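The values are calculated or read from the model by the stated rules, or taken from the named source; none is laboratory data. As the structure is a computational prediction, the values presented were derived from the model and not from experiment. Here the Cβ positions follow ideal geometry from the backbone for every residue, glycine too, while neighbour counts run over all protein chains shown. Note: areas computed on protein heavy atoms with side chains; ligands, DNA, RNA excluded. Shrake-Rupley method; radii C 1.70, N 1.55, O 1.52, S 1.80 Å.
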Amino acid sequence: MLVLPPDGHVHTEWSWDAVSGSMQRSCARAAELGLPSIAFTEHADFTRWVIGPERKALMRPVNAGQVGPDGVWNPPVFDIAAYLACVARCREEFPGLRILTGMELGEPHWHEAQVKALPGIRDFDRLLGSVHSLDLGGPRIVDHLFGTLALGALMRAYLGEALRLVESPAPFAVLAHVDYPVRYWPAEAGPFDPAAFEDEYRAVLSALARSGRVLEVNTSVPLPAPIVRWWYEAGGGALAFGSDAHKPASVARDFANAAAMAEAAGFRPGRYPHDFWRRSAVR
Ligand SMILES: [Zn+2]
Ligand SMILES: [Zn+2]
């Protein structure tokens with residue numbers, strides 16, 4: 001039987017936007033799928049966004065209440081102690097599943113001091129670095145920028161910010177969803193073509209490889225295969241897989257396809273089932 005890669009990017013009830021999240025049921029789902037390992041990478045956000053009603057609907061009422069009358073959202077504090085207690089309970093209940101602790105740091109290069117001050121950050125197994133926002137006259141979440149910027153300009157601004165993140169000393173090991181804006185790509189614009197942004201992608205991937213960090217294949221939307229081939233060509237050493245599940249049913253979504261794509265691009269499972277995938281000498 002095919003062993004799926006470990007899921008290195010999952011949200012549960014400890015993330016502010018995971019209204020249907022459940023760590024316990026995500027573990028049950030991972031065990032059912034025969035996953036070797038799962039990382040619970042909850043949001044640690046510090047960027048204050050101007051936010052619209054559609055995003056507000058995704059939040060728990062307690063968090064939606066943190067949007068002020070000026071439409072600016074104050075990110076809720078990640079309750080690390082309660083989260084760690086929940087991880088401990090799940091490790092006891094699912095001894096056959098390797099459960100990693102984690103955080104998804106939103107724009108950590110903008111919030112150096114706050115990130116550093118996160119309690120016990122050095123003890124977390126998996127730290128993801130993410131760009132969700134662009135600062136264009138105030139931080140806005142990327143999906144709110146569609147329609148206000150031309151698509152090409154938006155994509156280049158996103159990859160420019162991703163490059164600044166990767167070139168920063170922010171303490172993350174894995175660059176999450178380098179194709180994040182593609183989730184919101186308007187149907188009328190036709191399919192997203194990464195070749196139109198090849199230079200910008202290659203710049204991010206080269207800097208990522210130089211930094212010794214890892215690229216994530218996020219399966220929220222399928223990551224275009226050329227990007228993983230460019231990662232190999234940039235000298236990228238390892239690959240992580242992440243469903244970015246915000247509910248148990250989405251754990252390891254589309255991982256069989258993602259694994260086949262990664263293998264074709266020159267990456268292979270690591271020595272242990274819970275490892276990152278590694279570049280192979282041949283492709
Ligand atoms: Zn994210
Ligand atoms: Zn995420």
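Considering only the stretch 80-123, state which residues are under 23 Å from HIS246 (Cα atoms) and within 16 Å of ligand 1 (Cβ to nearest atom).
GLY102, MET103, GLU104, LEU105, GLY106, GLU107, PRO108, VAL115
Suppose the filter is within 26 Å of HIS11 (Cα to Cα), modelled with pLDDT under 95 and buried (at least 18 other Cβ atoms within 10 Å of the Cβ); does LEU127 pass it?
Judged against the criteria, LEU127 is not a match.
I'd like to check something: does the stretch 112-119 contain any residue that is among the charged types (D, E, K, R) and either surrounded by 20 or more Cβ atoms within 10 Å (Cβ to Cβ) or within 16 Å of ligand 2 (Cβ to nearest atom) (or both)?
Taking every residue of the stretch 112-119 in turn, none turns out to be among the charged types (D, E, K, R) and either surrounded by 20 or more Cβ atoms within 10 Å (Cβ to Cβ) or within 16 Å of ligand 2 (Cβ to nearest atom) (or both).
For the stretch 210-236, enumerate the residues that are of a type in the set (A, V, I, L, M), surrounded by fewer than 20 Cβ atoms within 10 Å (Cβ to Cβ) and away from ligand 1 (no atom under 16 Å from the Cβ).
ALA225, ALA234
Does the stretch 138-158 include one or more residues that are within 17 Å of PHE46 (Cα to Cα), more than 16 Å from ligand 2 (Cβ to nearest atom) and either assigned to a loop (DSSP other than H, G, I, E, B) or not charged (D, E, K, R) (or both)?
yes
May I ask you to list the residues in the stretch 237-279 that are assigned to a helix (DSSP H, G or I) and either open to solvent by 30 Å² or more (accessible area, probe 1.4 Å) or within 16 Å of ligand 2 (Cβ to nearest atom) (or both)?
Across the stretch 237-279, the qualifying residues are PRO248, ALA249, SER250, PHE255, ALA256, ASN257, ALA258, ALA260, MET261, GLU263, ALA264.
For the stretch 75-93, check the following and say yes or no: at least one residue is within 18 Å of TRP49 (Cβ to Cβ), of a type in the set (Gly, Ala, Ser) and either touching a residue at least 40 places away in the same chain (Cβ under 8 Å) or in a loop (DSSP other than H, G, I, E, B) (or both).
Taking every residue of the stretch 75-93 in turn, none turns out to be within 18 Å of TRP49 (Cβ to Cβ), of a type in the set (Gly, Ala, Ser) and either touching a residue at least 40 places away in the same chain (Cβ under 8 Å) or in a loop (DSSP other than H, G, I, E, B) (or both).
Just to check your reading of the model, which residue among GLU188, GLU161 is open to solvent by 50 Å² or more (accessible area, probe 1.4 Å), away from ligand 2 (no atom under 16 Å from the Cβ) and assigned to a helix (DSSP H, G or I)?
GLU188
Residues to consider are LEU118, LEU128, LEU134; find the one that is out of contact with any helix residue (DSSP H, G or I) (no Cβ under 8 Å at 6 or more places or on another chain), outside any helix (DSSP H, G or I) and among the aliphatic types (A, V, I, L, M).
LEU128
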